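The values are calculated or read from the model by the stated rules, or taken from the named source; none is laboratory data. This one's a predicted model, so the numbers in the text were calculated from it and none came from an experiment. Each accessible area value is taken on the protein alone, full model and side chains, heavy atoms only, with ligands, DNA and RNA left out. Shrake-Rupley method; radii C 1.70, N 1.55, O 1.52, S 1.80 Å.
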Amino acid sequence: MDIFTNENQSIRRHSVTDEELKQISVAPRVIDQITNSTMKKKSNHRWKTVSLFLLFCVCIASVTTYAAEEFAKIYNKKGKVIVDTIPWKERKYYSKESKRIEQLKPEAKPGELIAYFPIEADLQAYLGPNKILYEYKPIQYYDINEYYKKAKSTSAPSVILSSYLPKGYSFYYAEIWPKYPLAGDGEGSEYDKLLQRLSLKAKGSKEKISAETLHWSKSSGVHLYFSTKEEPYSLTVLASYAIGINVSQPAGAISRKIKIGSQEAVIVQDPSNTYFNTKIAWYDESTSTAYFMEDSASEALSEEEMVKMADRLIHAISKKE
């Protein structure tokens with residue numbers, strides 16, 4: 001799943017294929033792993049730090065379903081695609097360069113954001129114009145009130161936990177992801193200044209990377225995780241500032257547009273339940289926020305349950321605003 005933003009280009013870049021990186025658009029800042037989570041079969045799929053809300057209120061969802069499409073899309077009033085489904089290609093290998101970069105990355109402490117780039121010329125050439133990479137280790141908020149407090153202080157996208165959850169499900173923990181300097185902001189930008197500092201530090205250095213720990217105070221996105229008694233990562237919810245969202249659709253999966261109340265959304269279902277069960281994604285243009293939820297539990301939730309949860313979330317957000 002790709003959030004259309006400049007910022008996807010790096011936090012935990014190792015989780016994103018080179019091809020996926022080229023598909024990412026530019027725009028309001030968000031976080032990466034936000035997700036360009038590379039899909040894995042559910043037997044191996046337990047996201048550690050990702051990329052991807054929930055609920056409140058108790059009214060019946062008004063759902064309109066459109067005809068199934070090969071790859072469903074949602075357009076805004078100007079004819080621009082803001083929610084898209086794209087073919088998912090399994091990553092069969094990592095390049096030698098990406099493996100080397102993975103070995104060089106610094107280790108961040110919880111809540112710490114580190115900017116770095118490899119000093120070796122061939123790795124810099126491999127990275128191209130986006131030379132700066134970021135390593136971030138999110139704090140895991142198991143107390144929902146602590147999460148709300150931090151989300152408010154960092155102006156994170158709005159996500160409110162509802163009293164409604166499917167039977168057997170409970171809130172597990174939440175993560176808040178930071179904004180950080182982006183390539184393409186121009187000369188004199190924070191990114192440009194950071195690149196100059198890292199470049200200066202690299203001169204004459206015997207280290208293999210040049211790195212700097214950054215102070216951050218604004219969030220680009222949030223991840224909420226929900227669990228069952230048997231599975232800790234049964235349901236994932238993501239909200240991120242962005243200009244749109246891509247949802248990966250593996251072969252055999254079906255996508256279509258639905259309407260949840262007045263909100264258009266895309267639902268993707270994998271009949272084989274191999275990679276996931278159901279995904280729902282939508283985009284709120286009024287706040288430039290992309291929303292995504294995915295059920296990957298062994299026992300799949302029904303489409304009705306997933307839509308009901310999305311409906312509660314939409315109502316909760318609109319009430320807060």
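Apolar share of the accessible surface for segment 233-296: 44 percent from carbon plus sulfur atoms, 1.4 Å probe. Relative to the current alpha-carbon distance between S298 and N273, full extension at 0.36 nm per residue lengthens the span by 8.2 nm. If you model segment 156-302 as an ellipsoid using its alpha carbon gyration tensor, with each semi-axis the square root of five times an eigenvalue, the axes come out at 37, 19, 17 Å, biggest first. Phi-derived couplings, Karplus 6.51 cos²θ - 1.76 cosθ + 1.60 at θ = phi - 60°, listed residue by residue for segment 181-197: x, 10, 5, x, 7, x, 5, x, 6, 4, 5, 4, 5, 5, 4, 5, 5 Hz, with x used for Gly and Pro.
The phi torsions of segment 103-119, fed into the Karplus equation with coefficients 6.51, -1.76 and 1.60 and a -60° offset, translate into couplings of 6, 8, 4, x, 9, 8, 7, x, x, 9, 10, 10, 9, 7, 8, x, 7 Hz, rounded to whole numbers, with Gly and Pro shown as x. For the cross-link pairs K179/K206; K259/K279; K167/K279; K105/K201, the ones whose C-alpha atoms lie over 26 Å apart are K179/K206.
By accessible area, using a 1.4 Å probe on protein heavy atoms only, segment 185-232 has 51% of its surface on carbon and sulfur.
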